[in-house]
1. Any idea of the accessible area per residue across the range 47-263, 1.4 Å probe, to the nearest Å²?
2. What whole-number volume per residue, in cubic angstrom, does the convex hull of the C-alpha atoms of the range 47-263 give?
3. When the helix-only estimate is applied to the chain (DSSP H runs of n ≥ 4, each -39,500 (n - 2.57), divided by the residue count), what is the mean residue ellipticity at 222 nm, nearest 500 deg cm²/dmol?
4. What distance in nm separates the two pseudo spin-label positions at E285 and D243, each 7 Å out from Cα along the beta-carbon direction?
5. How much length, in nm to one decimal, is gained on full extension between A232 and L293, taken as 0.36 nm per residue of separation minus their Cα-Cα distance?
6. Carbon-plus-sulfur fraction of the accessible area of the range 47-263, 1.4 Å probe, in percent?
7. Give me the distance in nm between label points sitting 7 Å out from Cα along the Cα-to-Cβ direction at V325 and V3, one decimal.
8. Give, as a single signed number, the net charge of other residues whose beta carbon lies under 13 Å from the beta carbon of D58, with Lys and Arg counted +1 and Asp and Glu -1.
Amino acid sequence: MRVPTFAMERWQSHHEHRVSYNLSESGVQPFTLAELLELTGLEPRAMPLGYPQTNGSDELRAAVAAMYDGAGPENVLVTAGSAEANLVTLLRLLEPGDRVVLLVPTYGQTPGLARGLGAELVTFELEEKLGWQPQAGAAEAAISEGTRLVVITNPANPTGSVLRREAMDEILAACERAGAWLLADEVYIGAEAEGSETPSFWGRYERTLVTGSLSKAYGLPGLRLGWLVGPASAMEDLWAWKDYTTISPSAASDALATSVLEPGIRRRVLSRTRGIIVRNRSIVEDWLGSCELAGPWVRPRAGAIGFIPYRSGINSSELAERLRVESSVLVVPGDHFGLDGYLRIGFGDDPAELKDALVRIGDTLEAEAAQAVS
Ligand SMILES: Cc1ncc(COP(=O)(O)O)c(C=O)c1O
């Protein structure tokens, strides 16, 4: 199997720890281990570091299941981030020639893997003019009879948009008509800037698999702890793939995650995330108000990411490279999502650094515009 280059992850892997301002990250400022131990009251020296139960401890699977109506531990597989949950899903479901329908723009993992596995890709779109929603009827037209798998990321990356209820209903009805599996990547649930949590696709259609993790809404990407929730009858097969990928979660991550998902602690963690997102999103909006060459954006509703159009002839990958080399600012070019003319800005980290980095982006856009005129 040969997979196409996952451009965004390659870009981040090479550069994110080597710039002064990393705006390529889509989560919020991560917890330190000391903060996490203080919050959970766990004693790290007492943690056994053997292999835990390989599909996740019973306690952790019960804690994950409690977030999904009607689910039990038998519906849960604990994974190394949602990345592994998405991976085992595609490995299990796809054969060469299978039709996969994706809602785009989206995170590049599932399209890249599906291509690598020899699937035929069909897309339908989130449209900026509709506030990054799909047009009514688009899902129905794309999800035809015989479709094997439909992949929806909700809330979405890179747009931070959340599907309207009617769009979810249309997707579910189309999957049911086609007999397709639905993979809902819901890793940004819990990172909403306002209002209640985004409803999960879970529980409304039998062939639904939902993925999530502690990486975005919980500020704990370094634990590499995620999950897959699905029908009990499918879980044994999906777990069997994990024997070939990572075998089990890290024992320390399993124990920490079990504690973080305890309802009282979870509420505190998510409220910290919301505070960061609301504060920093308004920093970006102040900057957009003063920068003539960027925006307006469709205000992101979840996640610490926004997809920002800019007005300059420069290609987004060239612009991102110029920002990296000349200003030590790392952003993700729209090119990595198949949409040139945009930058994905991650705004979840330190507010003072965010302000400095945005000034640098504005200066580079102005310098570009001046060069283009002269
Ligand atoms: C939509 C989406 N899915 C999955 C992932 C992988 O995240 P993790 O494996 O840390 O849960 C990301 C990371 O950016 C993402 O944006």
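1. Numbers: 7990 Å² over 217 residues.
For the range 47-263, the solvent-accessible area averages 37 Å² per residue.
2. Details: hull volume 24.5 nm³, N = 217.
Looking at the range 47-263, the number lands at 113 Å³ per residue.
3. Values: 12 runs with 152 residues, N = 374.
Helix-only estimate at 222 nm: -13000 deg cm²/dmol.
4. 5.2
5. Details: separation 61, 0.36 × 61 = 21.96 nm, distance 5.12 nm.
In short, 16.8 nm is gained.
6. Values: 4120 of 7990 Å².
So the carbon and sulfur contribution to the accessible surface is 52 percent.
7. 2.9
8. On the way: positive: R61; negative: E59, E74, D254.
Residues near D58 contribute -2 overall.
The values are calculated or read from the model by the stated rules, or taken from the named source; none is laboratory data. Worth saying up front: this structure is predicted, and the values here are computed from it rather than measured. Note: ideal-geometry Cβ built from the backbone for every residue, glycine included; neighbour counts use all protein chains shown. Protein only, heavy atoms only, side chains kept; ligands, DNA and RNA dropped before computing areas. Shrake-Rupley method; radii C 1.70, N 1.55, O 1.52, S 1.80 Å.
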